[in-house]
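Report on the following structure.
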Amino acid sequence: QVQLVESGGGLVQPGGSLRLSCAASGSIFSITAMGWYRQAPGKQRELVAAITSGGITNYADSVKGRFTISRDNAKNTVYLQMNSLKPEDTAVYYCNRYPREYSRWGQGTQVTVSS
């Protein structure tokens, strides 16, 4: 069973930046498309960004131009660089396989954007 461990969240002021990391176990990471998802209080989980094994990326309209997803296959890690953060970016952020998520999610990492 693949294990996913997210980190890097925190409290940041509007306009600030954070870099999230997701460490994944398993030998097939390098050939697996991965995504970052988020869930805000009272809302459904949504896809924020995704990256294929070859590095092709796509983003939700709400984060285009502000967030950047990347991966380091040697470290089995996927990253999410978040710039120009807004209060509406406040959520728990998760990583998972994309588009068919693993059934077991990690614990997520809380991102709070507030002054």
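The values are calculated or read from the model by the stated rules, or taken from the named source; none is laboratory data. Just so you know, these numbers come straight off a predicted model, no measurement behind them. Please note that ligands, DNA and RNA were not included when accessible areas were found on the heavy atoms of the full protein model with its side chains. Shrake-Rupley method; radii C 1.70, N 1.55, O 1.52, S 1.80 Å.
How big is the accessible area of residue 53 in square angstrom, nearest 10, if you roll a 1.4 angstrom probe over the protein chains?
60 Å²
In percent, how large is the relative contact order of the chain, given Cα pairs closer than 8 Å and 6 or more residues apart?
37 percent
When the solvent-accessible surface of protein heavy atoms is calculated with a 1.4 angstrom probe, in what order do 72, 89, 61 fall, highest first?
The most accessible residue leads, giving 61, 72, 89.
Would you list which lysines come within 23 Å of residue 86, measuring only between C-alpha atoms, while excluding same-chain residues fewer than 8 positions from it?
By straight Cα distance, residue 86 reaches 43, 64.
Using the C-alpha gyration tensor of the chain, what are the square roots of 5 times its eigenvalues, in whole angstrom, with the largest one first?
22, 14, 13
With a 1.4 Å probe and every protein chain kept in, tell me what percent of the accessible surface of segment 49-93 is carbon plus sulfur.
Summing carbon and sulfur atoms, their accessible area is 49 percent of the total for segment 49-93.
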